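Read the structure below first, then the notes.
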Amino acid sequence: METDNQSSLRPMFCELGAITRADGSCVFSCGDTNVACAVYGPGEVKPNREIIDRSSVEVVYRSKVGTTGVQDKKRELFLERTCQSCIVTYRLF
């Protein structure tokens with residue numbers, strides 16, 4: 001019996017601590033899709049991104065091929081807003 005490529009699961013890989021200069025990091029791969037996440041801090045924040053009462057979340061989206069365009073910036077903003085809504089960025093007492 002042959003497997004259908006559309007319904008089969010792509011190979012997955014996850015590695016913790018993959019980014020050496022980060023305070024915490026992970027890399028997740030599924031087929032040709034790769035996501036790298038890093039946590040830095042506490043540290044200096046760019047003045048235009050400073051938020052007094054919580055941590056800041058910054059997302060950088062880069063396509064595997066080609067140059068960064070308007071669609072990539074839209075994806076980056078979408079991912080940043082999604083992450084901000086999922087991550088606890090304020091101190092719980």
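The values are calculated or read from the model by the stated rules, or taken from the named source; none is laboratory data. What you see is a predicted model; the values in this text were computed from it and never measured. Positions of Cβ are generated from backbone atoms using ideal geometry, with glycine treated the same way; all protein chains shown enter the neighbour counts. Note: areas computed on protein heavy atoms with side chains; ligands, DNA, RNA excluded. Shrake-Rupley method; radii C 1.70, N 1.55, O 1.52, S 1.80 Å.
Numbers at a glance
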quantity	calculated
Complete set of residues in region 17-31 that are assigned to a loop (DSSP other than H, G, I, E, B), open to solvent by less than 100 Å² (accessible area, probe 1.4 Å) and either over 22 Å from R91 (Cα atoms) or out of contact with any strand residue (DSSP E or B) (no Cβ under 6 Å at 6 or more places or on another chain) (or both)	G17, A18, I19, G31
Filtered residue count, region 55-83, keeping only those that are within 22 Å of M12 (Cβ to Cβ), open to solvent by 100 Å² or more (accessible area, probe 1.4 Å), modelled with pLDDT of 80 or more and in a loop (DSSP other than H, G, I, E, B)	1
Cross-chain or 6+ apart pairs with Cβ under 8 Å, region 69-93 first and more than 21 Å from E50 (Cα to Cα), then in a loop (DSSP other than H, G, I, E, B)	D72/Y61; D72/R62; D72/S63; R75/Y61
Whichever residue in region 45-59 is in contact with a helix residue (DSSP H, G or I) (Cβ under 7 Å, 6 or more places away or on another chain) and aliphatic (A, V, I, L, M) and, among such residues, is farthest from T33 (Cα to Cα)	V57
Of all residues making up region 2-16, the number that are open to solvent by 100 Å² or more (accessible area, probe 1.4 Å) and either in contact (Cβ under 8 Å) with a residue 40 or more places away in the chain or assigned to a strand (DSSP E or B) (or both)	3
Residue list for region 32-54, restricted to those being part of a strand (DSSP E or B) and surrounded by 11 or more Cβ atoms within 10 Å (Cβ to Cβ)	N34, V35, A36, C37, A38, V39
